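J.: Structure in structure tokens, see below.
The values are calculated or read from the model by the stated rules, or taken from the named source; none is laboratory data. Quick caveat, the model's predicted, so the values are computed rather than measured. All Cβ positions, glycine included, derive from the backbone under ideal geometry; neighbour counts span all protein chains shown. Note: accessible area is taken over every heavy atom of the protein model, side chains too, but ligands, DNA and RNA are not part of it. Shrake-Rupley method; radii C 1.70, N 1.55, O 1.52, S 1.80 Å.
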Protein chains: 2
Amino acid sequence: MSATTPTPSPAAEAEWLHLDRQICFSLHAASRAFNGVYRVILKDLGLTYPQYLVMLVLWEQGDLPVKKLGEHLRLDSGTLSPLLKRLEAAGLVHRERSTRDERSVEVRLTEQGAALREQALEVPRRIVSATGFDVDEIRALKARLDQLTGTLDSAALEDGSC
Amino acid sequence: MSATTPTPSPAAEAEWLHLDRQICFSLHAASRAFNGVYRVILKDLGLTYPQYLVMLVLWEQGDLPVKKLGEHLRLDSGTLSPLLKRLEAAGLVHRERSTRDERSVEVRLTEQGAALREQALEVPRRIVSATGFDVDEIRALKARLDQLTGTLDSAALEDGSC
DNA sequence: GGTCATTTAGTTGTGTGCAATTGAATTGTG
DNA sequence: CACAATTCAATTGCACACAACTAAATGACC
């Protein structure tokens, strides 16, 4: 229990706890608020937020195996498999075992899925408008968040005590 | 379908779609990366990230009815009820119908729940360390995110077409 | 005092997110 | 060729998040 670091005063640690409450709550709330705005806007397209992310990747990258899709989105098959099933049930994508490598499943846009892109074109404008930020501010925030994600990911791997 | 707004060129809209893919993915990824780091660090305490948020509020504010807890965290009973049940099963909180107003349920820290705060004192330091940011940078990011959340929430209420 | 709207928790159903496991297919190695 | 290790998708189990609904209690109004 007596750590190697010189223990800070209890009052100082309590302050950190208070700060932590503020920070982690802020990020958590921002993420959910964003999700909420997307939910409203995407309802017209019949998509959830994560489903929209998948469609964005497919519109941009074309057909992809589940593995590649997961790398783009940092999601594993545990999340993607049921999500893709729903997209398939909605008629937006088609899943097919690759003939070259039968472990792999190719995700292809259907005609309907490709056509949905037209309706999605207005989504970003509405989102940006909802944030109240201009494009430069958004880019700056994105850079900040990417930096944070990168550091956090490497920190999670190390899993050190401090 | 011919909107009142002067339709931007398809190429420009496609660029926005590309930017949107970058932005919403960044926030989504940052949120999950944060969640992941908390998951690792909180495992020692036997708490999930949202459970930790609840405990932080209780440590700071003392006993609260579910309603107040929900206001602090912006969560409704659909999320809090099962979460609080799990915290109660873990022996960290106690739930009791208020005698003044029997609709209300008071959430109280148990002795064990209050004692857990001691072990939680080191969490923020480890989190901040994992972010690689200094305190000022974190405060700045928090301010940014709070601003974003505020704007998004009001935008979600209006639900306008743009 | 009795009726109706409101407040408050809880429940149900859907959709992620992630760890852990399973099972099939492929690759590497002797 | 045989056999072990690896890769990939799917499944299972658990824990949010949120919309929609239920049920009980309270308050407001006539």
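J.: Rounded to the nearest percent, how much of the accessible area of the stretch B:43-121 (1.4 Å probe, protein heavy atoms only) is carbon and sulfur? Kindly include the intermediate steps, with their values, before the conclusion.
T.: Numbers: 2070 of 4500 Å².
Roughly 46 percent, rounded to a whole number.
J.: Got the A:Ala114 label distances to the other copies yet, label 7 Å along Cα→Cβ, in nm, shortest first?
T.: So the label point of A:Ala114 gives 6.7 nm to the other copies.
J.: Given H placed on each backbone N at 1.01 Å, which residues far from A:Glu106 in sequence or on other chains put an amide H within less than 5 Å of it?
T.: A:Glu96, A:Arg97, A:Ser98
J.: Could you work out the relative contact order of chain B, using alpha carbon pairs under 8 angstrom and six or more residues apart, expressed as a whole percent? It would help to have the intermediate numbers written out before the result.
T.: Details: 94 pairs, mean separation 28.1, N = 162.
With pairs under 8 Å counted, the relative contact order is 17 percent.
J.: Quick one: label points 7 angstrom along Cα→Cβ at A:Pro82, distances to the other copies in nm, smallest first?
T.: Shortest to longest, the spacings are 1.0 nm.
J.: Here's another thing I want to ask about it. Give the range of the longest stretch in chain A that excludes all trypsin sites (Lys or Arg not before Pro) found in loop regions by DSSP and having at most 11 other beta-carbon atoms within 10 Å. Don't skip to the end; give the middle numbers.
T.: Details: sites that count: A:Arg100, A:Arg103.
With a cap of 11 other Cβ atoms within 10 Å, the longest stretch comes to A:1-99.
J.: What length, rounded to one decimal in nm, is gained on full extension from B:Thr99 through to B:Ala12, with 0.36 nm per residue of separation minus their alpha-carbon distance? Numbers along the way, then the final one.
T.: Details: separation 87, 0.36 × 87 = 31.32 nm, distance 6.14 nm.
The span from B:Thr99 to B:Ala12 would gain 25.2 nm if fully extended.
J.: Just need log10 I(q)/I(0) for the protein assembly as shown at q = 0.08 Å⁻¹, Debye formula, equal scatterers on the alpha-carbon atoms, no solvent, rounded to two decimals.
T.: Results for the protein assembly as shown at q = 0.08 Å⁻¹ read -0.45.
J.: Moving to a separate point now. Count the lysine pairs in the protein assembly as shown whose Cα atoms sit under 18 Å apart, keeping only pairs 8 or more residues apart in sequence or on different chains. Walk me through the numbers before you get to the answer.
T.: Numbers: A:Lys67/A:Lys85; A:Lys68/A:Lys85; A:Lys142/B:Lys142; B:Lys67/B:Lys85; B:Lys68/B:Lys85.
Close lysine pairs found across the protein assembly as shown: 5.
J.: Starting from the Cα coordinates of the stretch B:1-109, work out the convex hull volume and express it per residue in Å³. Present the calculation step by step, with values, prior to reporting the outcome.
T.: Values: hull volume 18.5 nm³, N = 109.
Cα convex hull per residue, to the nearest whole number: 170 Å³.
J.: What gaps in nm, shortest first, separate A:Glu96 from its twins in the other copies when you place the label 7 Å past Cα toward the beta carbon?
T.: From this label point to the equivalent ones elsewhere in the assembly: 6.5 nm.
J.: How far, in whole Å, is the closest Cβ of chain A from the axis that maps A onto B, and which residue does it belong to?
T.: Value returned for chain A: A:Ser31, 2.
J.: List the residue ranges in chain A for DSSP H helices whose C-alpha atoms run 30 angstrom or more along the long axis and whose Kyte-Doolittle average is -0.5 or above.
T.: Working: long enough: A:10-42 (47 Å, 0.25); A:135-158 (35 Å, -0.07).
Qualifying helices, which must be both long enough and hydrophobic enough, are A:10-42, A:135-158.
J.: Ok, one more. Treat each spin label as a single point 7 Å out from the Cα along the C-beta direction, and report the A:Arg39 to A:Gln119 distance in nm.
T.: Between A:Arg39 and A:Gln119, the simple spin-label model gives 2.0 nm.
J.: Show that you can apply the helix-only estimate: for chain B, add -39,500 (n - 2.57) for every DSSP H stretch of four or more residues, divide by all residues, and state [θ] at 222 nm to the nearest 500. Provide the component values of the computation, followed by the final result.
T.: Values: 7 runs with 110 residues, N = 162.
Mean residue ellipticity at 222 nm (helix-derived): -22500 deg cm²/dmol.
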